[in-house]
Each structure stands twice: as structure tokens, then as C-alpha cells.
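J.: Got a structure here, written out as C-alpha cells. Questions coming.
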Amino acid sequence: MPKQGKPGRRPGINGGTLSQWLEDEGFAPEEPAAAIADVPRVRAMLVAAAREGRAISYSEALGALGLRFSRPKMRALCRTLDAIDEQAAAAGEPELAVLVVRENDRLPGQGWWVGSDARGYSGPWAGSDAAAHVRTIQQRAFDYWGGRKS
């Protein structure tokens, strides 16, 4: 027997908003900030991309979390990516934040490049040298995760 919504309200948009109906039926939306800051969830998404041997755009990453792209959300995602890379370094794993790239040039955003001297690169953050550097670091993640089950 299907679950009935609140008495006196017809389910669906005609009896209220879709959001109201979903909430009445027990489908509460996740807080966007919670999705962006969910390190295990974002990490799992990046590990899956690494296993597939591909980078994902900031927009694609946010979309996978059920969010539309905006600069504030992208910046919040970058804080999560930093936490993921800190954990990876502590575990002896390759970094994963390098897999999240801009759609227009397929390179990580400015935040990733800050501190890039520690990665052995001090050139411009755009162009063929930057792309080659990023591909090298991305390949480490592809190689590492491509042969692992978990």
C-alpha cells in the first residue's frame, strides 16, 4: 500500500510544491554544503575517475554532488580537494585534486597551482608546459588507481 502524504494535501505539485511533497514522503534534500564537504564521497568520485583514466571538470564534479556550478561552490569544493590530497599524501597515495579541471583548458584552477613549486614546477599555470606537468601528475593517479580494487 503506497504511503499517503499529510492529510488534506494532495501529493505532487497540485497539492503543494514538489519540494513539499518530496519532504512529506520522506525524501529530504541533502544540504549542499554537506555534499561539497563530504570528503569520503568526493574522494570516491575522484578515485572512480582515476580508475577510468580521466579528469573531470569542476562543473561535472559539482553536478555529481547534485549541485549547479557557481564560483563559491567551486571554492568550497577546492577546500575539500585540499583535504583529500592531504589524506592521500599521509597514506602514500598520489594526489587526486589534479583530476578536477576547468572545462576550457582541462587544467586545474589557480588554487591547485599555489604551492606547485613543491610539485617540482615553477612555470606558467597555462599553456603546453603546464598541460604536460598536469598530465604527468594525473598519470600517477591513473596508474596507481587503475590497478586497485578499493
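Each reported figure results from applying straightforward, stated rules to the coordinates on display, with no laboratory input. Please read all numbers here as calculations on a predicted model, not as lab measurements. Cβ: placed from backbone, ideal geometry, glycine included. Neighbour counts: every protein chain shown.
J.: Enumerate by residue number the trypsin sites (Lys or Arg not before Pro) in segment 47-98 meeting two conditions: DSSP loop (anything except H, G, I, E, B), and at most 16 other Cβ atoms within 10 Å of the site's Cβ.
T.: Numbers: sites: Arg51, Arg54, Arg68, Lys73, Arg75, Arg79; in loops: Arg54, Arg68.
Here the trypsin sites (Lys or Arg not before Pro) that fit, given the DSSP loop and packing criteria, are Arg54, Arg68.
J.: With the crude spin-label approximation of a point 7 Å out along Cα→Cβ, what separation in nm comes out for Ala90 versus Arg102?
T.: Taking the simple label geometry, Ala90 and Arg102 are separated by 3.2 nm.
J.: So, one more: Compute the Cα gyration tensor for segment 82-150, then decide on rounded, prolate or oblate, letting a ≥ b ≥ c be the square roots of its eigenvalues: rounded whenever a/c is under 1.5, prolate when a/b is larger than b/c in the other cases, and oblate in all that remain. Working shown, then result.
T.: Working: a/c = 1.88, a/b = 1.51, b/c = 1.25.
Prolate, because a/c is 1.5 or more and a/b exceeds b/c.
J.: Still on this structure, please answer the following. Across segment 78-90, in residue order, what do the Karplus-derived ³J(HN,Hα) couplings come to in whole Hz, using 6.51 cos²θ - 1.76 cosθ + 1.60 with θ = phi - 60° and x for Gly and Pro?
T.: 4, 5, 5, 4, 4, 5, 5, 5, 5, 5, 4, 4, 5
J.: Please give me, ordered by residue number, the GluC sites (Glu not before Pro) of segment 50-150 that lie in loop per DSSP and have at most 11 other Cβ atoms within 10 Å. Intermediate results must be reported in sequence, preceding the final value.
T.: Values: sites: Glu52, Glu60, Glu86, Glu95, Glu103; in loops: Glu95, Glu103.
The qualifying sites are Glu103.
J.: Name the residues whose placed amide hydrogens come within less than 5 Å of the amide hydrogen of Ile56, ignoring near sequence neighbours (fewer than 5 apart) on the same chain.
T.: The answer is Val100, Val101.
J.: A further question on this structure: Report, in whole Å, the centroid distance computed from the Cα atoms of segment 51-66 and segment 71-143.
T.: 14 Å
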